[in-house]
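Written out below as structure tokens is the structure these notes cover.
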Amino acid sequence: MKNIVKYLLIIAFTAATVPAAAQDTTDYGRKVDIIVDFDFENVDYSNEEEGRIAGQYSSLLEMSKYWPDWSPDGKWIAFTLRWPATSNWIVSPEGGEPVLINDIYGNLVRFSYDSKEVIYNSGDILEENNIEYPVTFIESYNLETGERRIIIDEGLNFCISRDGRYICYINFDYRIYTDESQVERYGVPTVYDTETEETWYLTSEEKTTWYETDDGTTLGRWYQNMTFSPDNSHIVISIYDYEQESTQLYKIPFESGEPEQLTFYDENDPYTKSRNNPEYSPDGIWILYNEYSYTDNEEWPYFTVNRMCVFNTVTGNIYKVFENATRSNGYGSWSPDGTQICYCLVNEERLFDIYICDFNPDNLQKPLSVEAEKPSSFAILGNYPNPFNPNTTIEFSLPKAGFVSLVVYDITGQKIRELVSGDMIHGIHSVVWNGRDENGIAVSSGVYISRLRMGDKIESHGMMLVK
């Protein structure tokens, strides 16, 4: 249990331990200035609710702002105020006076697909069999009517599909801790269909356990934050594996299945040990996340510095958003068009403020040396852009060297263009198709199939040309 408490503290108190900012030339973007215009002098502090709300507004000047989320209509940024105050707020991307949404056990916050509701983790202390225990639930606040409703009775962390139909969350029942005879367990990612009200687990386990062996070794998994792919085909989730002793990004099919590891720990780079808070870009090409290193100290502080990174889902390459940053940065969210990121940046008081920076893939520097650790498989990784006009880049991976062919066909099976025919080394490769056939004639709009062949192995992938 000691290790779990340590890890929870790492997540909850990130800003308290980041080092003071040093002078650097990094362009961190623009700060979202939060203005506090609250009449503290006329607060009746004998009234519990008035005093609590006044305390939340006062804390805006003294506490870190976490987990910013950009509304789909671009008008608001939601954030969580922590610690010890825990509350949820929204503010204009241009800054100004924020609006208090929830002031009781506020945690992770998201917008609904239509920007009309703010959805967040909240909680309460309940009693059962003379034992008090905390319960975390998922609640929404309607910005138009002020109505609150509980969506999921017991759930920790969550993400929402872009069409608003599905919510993926951690099915987490705190009451398992009240019986010492039970193995301590953490929940697994669970999908809730808001239309049918059905739920299902995304893994084969209904609960994931962690436990200590006779020699004191801790084993098991801890599922954490997640994000839906734009096409709802899968989620990407951060999982702490006790055997690996690291948190990495994994991909789980939407219809359930075993997690596929996307990132790997590099012993030469301590930051790669902990990767968390993934967030898909609107076009599905990038996954924004933060990574950090932490020490082996038995006492606080355990934590060092955040850095914000992006994972390219096509190539598997990883890039730092700020190449030479010395200030801790992370916990990001995309603008609706994917051209900007709102994120947390440490200030001189070692607290997080909300900033907005531009995101231009052409400005990314050399990728981190993580790609080589990812085992290559025989696969077409995809093409981008897709749909396309007229050019698209097809990415594929080879587990070994050998003779390879890559051919484009139309949906009737007619050969259109041979793009690759020859020996290639193992690893990840890319080739550009310009939308023309073997004679150099531009083909018409429609669906085309890229087919990769190596020996007796064949992989196919659909592409759409739209003119």
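Is it the case, given these coordinates, that Gly455 is small (Gly, Ala, Ser) and either over 30 Å from Phe322 (Cα atoms) or modelled with pLDDT of 90 or more (or both)? Answer is yes for this residue. Kindly establish whether Arg307 is modelled with pLDDT under 85 and among the basic types (Lys, Arg). The answer is no for Arg307.
Return the only residue of Gln248, Gln261 being buried (at least 20 other Cβ atoms within 10 Å of the Cβ) and modelled with pLDDT of 80 or more.
Numbers: Gln261 fails: buried (at least 20 other Cβ atoms within 10 Å of the Cβ).
Every option except Gln248 fails the conditions.
Annotation note: of Val109, Val43, Val36, the sole residue that is β-branched (Val, Ile, Thr) and within 30 Å of Ser281 (Cβ to Cβ) is Val109.
For every residue, the table says whether it meets (1) closer than 23 Å to Glu147 by Cβ; (2) surrounded by fewer than 21 Cβ atoms within 10 Å (Cβ to Cβ); (3) modelled with pLDDT under 85; (4) among the hydroxyl-bearing types (Ser, Thr, Tyr).
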position: Val5; (1), (2), (3), (4): no, yes, yes, no
position: Leu8; (1), (2), (3), (4): no, yes, yes, no
position: Ile11; (1), (2), (3), (4): no, yes, yes, no
position: Pro68; (1), (2), (3), (4): no, no, no, no
position: Leu100; (1), (2), (3), (4): yes, yes, no, no
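Just give me the residues in segment 28-60 being closer than 20 Å to Leu345 by Cα and either at pLDDT 85 or above or exposed (fewer than 11 other Cβ atoms within 10 Å of the Cβ) (or both), in sequence order. Full working, then the answer.
Kept after step one, since they are closer than 20 Å to Leu345 by Cα, are these residues of segment 28-60: 28-36, 59-60.
Of everything in segment 28-60, those that are closer than 20 Å to Leu345 by Cα and either at pLDDT 85 or above or exposed (fewer than 11 other Cβ atoms within 10 Å of the Cβ) (or both) turn out to be Tyr28, Gly29, Arg30, Lys31, Val32, Asp33, Ile34, Ile35, Val36.
The strands (runs of 3 or more DSSP E) found wholly in segment 343-458 and carrying at least 2 residues that are loosely packed, with under 12 Cβ neighbours inside 10 Å and outside the structural domain of Ser274 (by TED's automatic domain parsing) occupy 415-424.
The values are calculated or read from the model by the stated rules, or taken from the named source; none is laboratory data. Quick caveat, the model's predicted, so the values are computed rather than measured. Cβ coordinates were reconstructed from backbone atoms using ideal geometry, including for glycine residues, and neighbour counts include every protein chain displayed.
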